[in-house]
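Undergrad: Just dropping this structure here.
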Amino acid sequence: MTGYLNIILRLTIWFLLTADLSWANIVIGVGVTILLPRGVTNVGLLKDWLRTLGEVLVAIPQAYKEAFEIMLYPHREETVVLERVKPRRTPSLIFLDIFLITFTPKTIVQRYHNQGWYEVHYIQRRETP
Amino acid sequence: MTLVLIAMIGALLIPMVEALQDEDIWQRMLAFASIATKTSVMILVIAVLQDDWMIGVVGVLILSVGNAALMLLAHIIKRVDDAMEG
Amino acid sequence: MADSPIMSSYAYAIMLLLPLSAAMVIFQSNPYQALVMRGILGAIAALIYAMMGGGDVALTEALVGTMLAITLYVVAVRSSLVMRLGVLEGEGAKNNLQWQPMLDYLRAMLKRYQLRLELVPYSDTQSLHQALAAKEVHGVCLMDRTGPNAEEVAPRILVRVRRLAEIFATELPEAIADAKLYRDDALVTLPHSPTLTEEHS
Amino acid sequence: MINILSYTCIILGLVFWYWGTWPLLGRRSVLYKLHGLSVADTLGSMAIVVGLLLRIPHEWPLLVLALISLAIWNTVLGYVLAYCVTDDVTHDAGQEVSHGG
């Protein structure tokens with residue numbers, strides 16, 4: 001599954017970069033994509049993948065919403081919170097999770113513990129009640 | 001569009017001043033990261049302004065591969081800091 | 001390009017940033033800070049080249065001048081600016097009052113010269129001397145017992161690099177450690193280290 | 001119409017840039033500044049690129065690539081910088097814990 005995603009990602013970058021759908025360009029792109037080395041990755045669940053990719057799309061407007069929130073109301077408090085990783089996560093899904101958390105402006109993942117915890121750095125308007 | 005570019009130069013000055021005044025290396029790394037992104041976006045804006053799409057391709061390429069050195073530098077500085085402190 | 005509309009006022013404003021960032025690179029004494037500044041300089045240079053219409057130059061500056069150069073420099077700086085000090089492993093060598101203050105003092109002193117201290121443990125005095133002779137380490141630290149009392153030790157540092165010996169001779173107080181220059185050919189006696197012939201006994 | 005929309009996006013991006021970069025000059029912690037940079041460099045730059053995309057729709061492949069690389073690189077860079085700045089200290093039991101899910 002991730003192997004296919006890898007190839008699709010590379011092909012997307014190639015076609016977006018060259019913006020050329022001629023026959024020769026397609027052959028070059030597919031050839032380079034297959035020839036480039038790729039690491040061995042675990043197979044994740046298709047359902048988890050689709051849901052996480054959907055969350056990425058949702059995250060973009062949410063990120064803008066949070067940006068407006070912290071612009072309108074100053075957030076001055078900083079806290080560090082430990083969050084549990086959802087079960088059955090492959091490394092690439094964990095990467096996507098970290099990406100999602102860090103993408104929104106109020107939260108940044110500081111560190112990932114191997115026992116299944118994220119260390120998330122929050123900014124807040126005031127002390128936690 | 002020229003006004004936009006002038007405003008961007010003003011925004012670029014802020015991390016430059018920060019890199020000048022702050023002695024802490026991590027604050028300077030932040031300024032570097034900010035400058036790297038800002039210059040690439042400015043290259044894109046200039047490409048649209050001049051209607052020269054070759055420059056636009058250069059801007060996209062710099063944007064997509066240019067930050068690798070920054071990450072390597074961050075990791076090595078962290079290792080060296082740890083070694084200095086013992 | 002000189003009379004084209006792009007060479008208007010803001011172009012000069014951006015170009016002023018280039019000598020500014022170049023001066024920032026030059027006046028850094030810490031090599032890592034200078035590398036960060038080099039990155040800033042590279043980013044601004046790429047912006048100016050692209051603004052002047054030289055897309056290929058800008059791409060080369062960003063990829064080679066910034067990315068590759070910083071990578072190579074960081075590897076070179078990290079592997080060269082280090083002093084490897086051979087020490088004895090085990091409790092006997094480290095379990096005394098002078099060990100930690102001496103290390104702290106050495107680290108602080110070397111940090112002023114942008115050097116970092118790396119400790120290389122060896123099992124006994126024999127292999128320590130062999131490592132110094134084989135140039136595996138830049139210096140060794142020996143713990144000499146001054147008397148039967150176990151608490152009383154006199155740390156003795158032998159370095160094989162002359163510049164390091166000069167730094168140690170001028171900045172390291174005798175109370176912390178006694179520093180000497182070590183030479184392979186023991187026949188050459190240095191004026192300021194009269195005891196080095198004893199090291200081969 | 002498209003022009004107005006494009007200018008709105010670019011000006012919004014510029015406002016983000018200034019707002020997020022301004023805390024750099026202050027004396028806050030690196031992580032706090034990183035939140036501001038996340039607003040400025042990721043979201044502001046993305047807004048600017050979207051504004052450019054509205055002006056020249058025929059160059060969409062490259063600009064979409066620019067959007068993707070902006071989002072991914074800046075986010076990963078934020079994580080790497082946050083990782084490198086904080087020390088690896090084990091937190092004590094007094095830390096508040098929330099079970100995300």
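Undergrad: Would you please name the residue that is farthest from residue A:50 (Cα to Cα), looking only at residues in segment A:79-105 that are among the basic types (Lys, Arg) and facing another protein chain (nearest Cβ under 7 Å)? Outline the logic, then answer.
TA: Here is the first cut: in segment A:79-105, the residues among the basic types (Lys, Arg) are A:84, A:86, A:88-89.
Those left that are additionally facing another protein chain (nearest Cβ under 7 Å): A:84, A:86.
Numbers: A:84: 21, A:86: 15 Å.
Among residues in segment A:79-105 that are among the basic types (Lys, Arg) and facing another protein chain (nearest Cβ under 7 Å), the one farthest from residue A:50 (Cα to Cα) is A:84.
Residues checked against (1) in a loop (DSSP other than H, G, I, E, B); (2) at pLDDT below 90; (3) closer than 28 Å to residue D:15 by Cβ:
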| position | (1), (2), (3) |
| --- | --- |
| B:5 | no, yes, yes |
| B:20 | no, yes, yes |
| B:37 | no, no, yes |
| B:48 | no, yes, yes |
| B:69 | no, yes, no |
| B:77 | no, yes, no |
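Undergrad: Turning to a different aspect of this structure: Looking at segment B:31-86, which of the residues that are more than 10 Å from chain D (Cβ to nearest Cβ) and of a type outside the set (A, V, I, L, M, F, W, C) is farthest from the chain's Cα centre (by Cα)?
TA: Only one residue fits best here, namely B:86.
Undergrad: For residue C:40, state whether it is without any contact (Cβ under 8 Å) to a residue 24 or more places away in the chain, of a type in the set (Val, Ile, Thr) and facing chain B (nearest Cβ under 7 Å).
TA: Here the answer is yes, as residue C:40 does meet what is asked.
Undergrad: Read through the list (1) at pLDDT 80 or above; (2) loosely packed, with under 14 Cβ neighbours inside 10 Å, then give the number of the only condition that residue C:190 fails.
TA: That leaves (1) as the condition not met.
Undergrad: Let me ask something else about it. Quick test of your reading of the structure: residue A:108 fulfils all but one of (1) modelled with pLDDT of 80 or more; (2) part of a helix (DSSP H, G or I); (3) within 14 Å of the chain's Cα centre (by Cα). Name the failing condition by number.
TA: Every condition holds for residue A:108 apart from (2).
Undergrad: From the list C:49, C:32, exactly one residue is of a type in the set (Ser, Thr, Tyr) and free of Cβ contacts under 8 Å to residues at least 40 places away in the same chain. Which is it?
TA: Sole residue among the options that is of a type in the set (Ser, Thr, Tyr) and free of Cβ contacts under 8 Å to residues at least 40 places away in the same chain: C:49.
Undergrad: Quick check on this structure: which one of C:10, C:49 is modelled with pLDDT of 90 or more and under 26 Å from residue B:56 (Cα atoms)?
TA: On the way: C:10 fails: modelled with pLDDT of 90 or more.
None of the others qualify; the one that does is C:49.
Undergrad: Mind listing just one residue for me: the one in segment C:52-62 that is among the aliphatic types (A, V, I, L, M) and farther than 16 Å from residue B:35 by Cα and, of those, surrounded by the most Cβ atoms within 10 Å (Cβ to Cβ)?
TA: Taking the candidates together, the pick is C:59.
Undergrad: Take residue C:16 and tell me if it is surrounded by 15 or more Cβ atoms within 10 Å (Cβ to Cβ), among the aliphatic types (A, V, I, L, M) and either closer than 22 Å to residue B:34 by Cβ or not assigned by TED's automatic domain parsing to the domain that holds residue C:142 (or both).
TA: Judged against the criteria, residue C:16 is not a match.
The values are calculated or read from the model by the stated rules, or taken from the named source; none is laboratory data. Model, not experiment: these values are computed from the prediction. Methodologically, a virtual Cβ is constructed for each residue, glycine included, from the backbone with ideal geometry; neighbour enumeration extends over all protein chains shown.
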